[in-house]
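J.: For reference, the structure I am asking about is given below.
The values are calculated or read from the model by the stated rules, or taken from the named source; none is laboratory data. All values derive from a computational prediction rather than experimental measurement. Note that each Cβ is placed from the backbone with ideal geometry, even for glycine, and that neighbours are counted across all protein chains shown. Please note that ligands, DNA and RNA were not included when accessible areas were found on the heavy atoms of the full protein model with its side chains. Shrake-Rupley method; radii C 1.70, N 1.55, O 1.52, S 1.80 Å.
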Amino acid sequence: MIATITRLFPLWAALCSIFAYYNPDFFVPLQKYISQLLMLIMLSMGMTLKIEDFTRIFKRPLPIAAGIYLHYLIMPLAAWVIAKMLNMPADLQVGMVLVGCVASGTASNVMVFLSKGDVALSVTISALSTVVGVFATPLLARLYIAATIDVPVAHMLKEIIMIVALPVALGLTINYFIPKQVKKVVPLLPLFTTCIIVVVIATVVSLSSNKITANTLIVIVGVILHNAVGLLGGYWGGRLCGFDKSICRTLALEVGMQNSGLASILGAKFFTPLATLPGAIFSLWHNISGSFLASYWSGKPTGTANDHIKKEDVSLH
């Protein structure tokens, strides 16, 4: 039941977004709680992680390094190029760049599992990209956002540490000291985080509702192109490195799926409500595209042991 509900995340997000667009006053009061909501998501993710997820880098450094490198090379640059190519207004360019500069999306592990990818590698890349993003996100945002727009790097760094790093570390600590209790809760975390993400997306849409009509089409086009570049770049980047299909599928999803909820929050906190729009639309689209891609790949063999991976090996965050 829970798996079915979470698998239909794009539907719930779309329905709540439509409701928020026509009834913005319902969600606007939640604006002041967006940071706390994202902290709960990061805490949940941390509770699914173990120290071993980080120490794997010493056992297989090349695929992990490739995943993180491709992620922070392709996505910020692609976001900037696409925003310029589509001649987006300055606020939307900011939102696009913020989406490109954040860490991997929270649903990537599930998509990797369904795609017969390397789940352990996915968990490690996601965890480390989150840690790297604490510093990379504000610095890359400053690099790619137009010089005429002030980027508060120090404040953004502080905010990311509070919203991302500390909750993840707390969740990891909880899992370390009381793993048996956490194991009982973990099956409920996907439903819990899905509900929170849907509320965050709806709140972001409500804050931008008066500006969505004129800009939605151009943002949808930009988001689809951005996500496609990430998926293709991750996959073929892995192929160029000589990795097998299982690893390449993993890299595609880790590079192409973003923590766009965080991008929306940063846009709302440090820029304008319009800067949240790319993150809100990306949150919907990358789950749709990821689901379709996972469905396609699930029927295609990889020629590796991952074809027989057991469902209980999946680690959600």
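J.: Over 31 Å between Cα atoms: which of LYS180/LYS269; LYS116/LYS184; LYS116/LYS183 fall into that group?
T.: LYS180/LYS269
J.: By how many degrees, 0 to 90 and rounded to 10, does the Cα axis of helix 61-85 deviate from the longest principal axis of the chain?
T.: 20 degrees
J.: Ignoring ligands, DNA and RNA, what accessible area per residue does the chain give at 1.4 Å, in Å²?
T.: 45 Å²
J.: Going toward the positive end of the dipole of segment 10-119, with +1 on Lys and Arg Cβ and -1 on Asp and Glu Cβ, which of MET75, LEU30, MET85 do you reach last?
T.: Working it through, the farthest residue towards the positive pole turns out to be MET75.
J.: For LEU231, what is the net charge nearby, where nearby means another residue's Cβ is under 12 Å from its Cβ and Lys, Arg count +1, Asp, Glu -1?
T.: Around LEU231, the surrounding residues sum to 0.
J.: If you don't mind, another one. At 222 nm, what value in deg cm²/dmol follows for the chain if DSSP H runs of at least 4 each add -39500 (n - 2.57) and the sum is divided by all its residues, to the nearest 500?
T.: -24500 deg cm²/dmol
J.: Dipole of the chain, Cα-centred, from +1 at each Lys and Arg C-beta and -1 at each Asp and Glu C-beta, to the nearest 20 debye?
T.: 460 debye
J.: Carbon and sulfur atoms: what percent of the 1.4 Å accessible area of the chain do they account for?
T.: 71 percent
J.: Okay, moving on. Rounded to the nearest 10 degrees, what's the angle between the helix 277-298 long axis and the longest principal axis of the chain, both from Cα atoms, 0 to 90?
T.: 30 degrees
J.: Can you tell me the 0 to 90 degree angle between the C-alpha axis of helix 260-270 and the longest principal axis of the chain, rounded to 10?
T.: 40 degrees
J.: Sort the following peptides by mean Cβ neighbour count (other Cβ atoms within 10 Å, averaged over residues), highest first: 288-296, 39-47.
T.: So the order, starting with the most tightly packed, is 39-47, 288-296.
J.: Counting Lys and Arg as +1 and Asp and Glu as -1, each charge on the Cβ, what is the dipole of segment 121-278 about the Cα centre in debye, to the nearest 20?
T.: Dipole size: approximately 320 debye.
J.: Where the only charges are on Cβ atoms (+1 Lys, Arg; -1 Asp, Glu), what is the dipole of segment 34-124 about its Cα centre, to the nearest 20 debye?
T.: In debye, rounded to 20, segment 34-124 gives about 240.
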